[in-house]
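The values are calculated or read from the model by the stated rules, or taken from the named source; none is laboratory data. Treat the numbers as computed from the prediction; the structure is a model and nothing was measured. Glycine also receives a Cβ, built like all others from the backbone with ideal geometry; neighbour counts cover every protein chain displayed.
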């Protein structure tokens, strides 16, 4: 083997960066055999070069940088690997590398969700790859599947459990009947959730990833700020128990599909049938369902985060670059991306779960049923457990398919009834095929 090594500059030596260093040290010979040349890390960028990261001598004589922009300009770096996160420093570093005609591998979903189109133009102008397999669903090769393996299909829909922290919390709530607040606190203590968990539990992280999947699947440029997002803070142990009784599981799901109203794209808690493809994707695992016109349904499941799985995805992108594979960021030339017309959430048509806290007295159900009738909402089933005359009791209603605009109007009126003691809870029911 006489070819010159492919030289990497790695910006960020946190969980993923450290995982990449270990992967390369473990499989250096295997990778060299596969691509016909060795891979070396010749430069790294991290805050403290003296910190013990448990990497031993794996970095060898790599040059240390405090500034990733300066590292991107190093002539001893062939490929920039951006694992910093965030949108400010990372964006400057990626732009610096592309401006020097260097391919980039990134795991930064927020950066690409907000600036992907502009960075894609830069990469195409420079004639280099900008790869991001690790930015979506960790070690699951769903980006490669959409960009390459399923390119012969018209993609009809993409559904995904795309955030491991939220999925872990919902799974633990279901297993123990515990509240969101208590499970979140335990997840933080165990290191599964950040001190500020907003990105995860409020659905923002999942929405970043879904934005990228939608662009890949449908060849559109999605304005992230137009994506409706709801998190899981409002999901109660009571909702989870009722869902199980009704034959459903509650998951935080990102949904993207083309409709007559435009791109239906949203992230929120949904109920999925027990036998569906996403129902038993539990814990920190991610799951993605892709529906194509020729392949029908494909299901991808695996670890969505962590040092090993994410480093595996980063290395897959590096191997593609080493082999000379260069594809547009979103699978089609940037100039052909069509700005997505995002359908309003109120255009959705589907079944819903409603939970109401009402005063147990005669006539309450009749009042609620009259409002649903007026708004043309058809009831599939109704549950009321126990009697407590004059006290609060839960009432659960499952609707048939209904226009969301009608459902919202009905809930507004129901919430104003004197006998309804709390704002109504609504969770959408999504029809996803069986695994």
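A few comments on the model shown:
- The range 183-203: number of residues that are closer than 25 Å to residue 255 by Cα and either within 9 Å of the chain's Cα centre (by Cα) or in a helix (DSSP H, G or I) (or both): 6
- Scope the range 13-68; condition closer than 21 Å to residue 138 by Cβ, in contact with a strand residue (DSSP E or B) (Cβ under 7 Å, 6 or more places away or on another chain) and part of a loop (DSSP other than H, G, I, E, B); matching residues: 13
- Hits in the range 104-129 - residues which are in a loop (DSSP other than H, G, I, E, B), in contact (Cβ under 8 Å) with a residue 60 or more places away in the chain and in contact with a helix residue (DSSP H, G or I) (Cβ under 7 Å, 6 or more places away or on another chain): 107, 128, 129
- You will find that of 206, 157, 174, the residue that is in a helix (DSSP H, G or I), assigned by TED's automatic domain parsing to the domain that holds residue 279, in contact with a strand residue (DSSP E or B) (Cβ under 8 Å, 6 or more places away or on another chain) and surrounded by fewer than 22 Cβ atoms within 10 Å (Cβ to Cβ) is 174 and no other.
- Only one entry of 145, 134 meets the criterion of being within 15 Å of the chain's Cα centre (by Cα), over 22 Å from residue 242 (Cβ atoms) and either part of a helix (DSSP H, G or I) or without any contact (Cβ under 8 Å) to a residue 40 or more places away in the chain (or both), and that entry is 134.
- Checklist (1) outside any loop (DSSP other than H, G, I, E, B); (2) under 22 Å from residue 307 (Cα atoms) applied to residue 86, failing item: (1)
- Per the listing 139, 191, the residue uniquely closer than 20 Å to residue 304 by Cα and surrounded by 20 or more Cβ atoms within 10 Å (Cβ to Cβ) is 139.
- Residue within the range 399-416 that is touching a residue at least 60 places away in the same chain (Cβ under 8 Å), in contact with a strand residue (DSSP E or B) (Cβ under 7 Å, 6 or more places away or on another chain) and within 30 Å of residue 297 (Cα to Cα) present: no
- Filtering the range 248-273 to residues that are touching a helix residue (DSSP H, G or I) at 6+ places or on another chain (Cβ under 6 Å) and under 18 Å from residue 174 (Cβ atoms) leaves 250, 252, 271.
- When the range 34-52 is filtered for residues that are touching a residue at least 12 places away in the same chain (Cβ under 8 Å) and farther than 16 Å from residue 63 by Cβ, the ones remaining, listed by number, are 34, 35, 36, 37, 38, 39.
- Condition broken by residue 71, with the remaining ones in (1) part of a helix (DSSP H, G or I); (2) closer than 16 Å to residue 131 by Cβ satisfied: (2)
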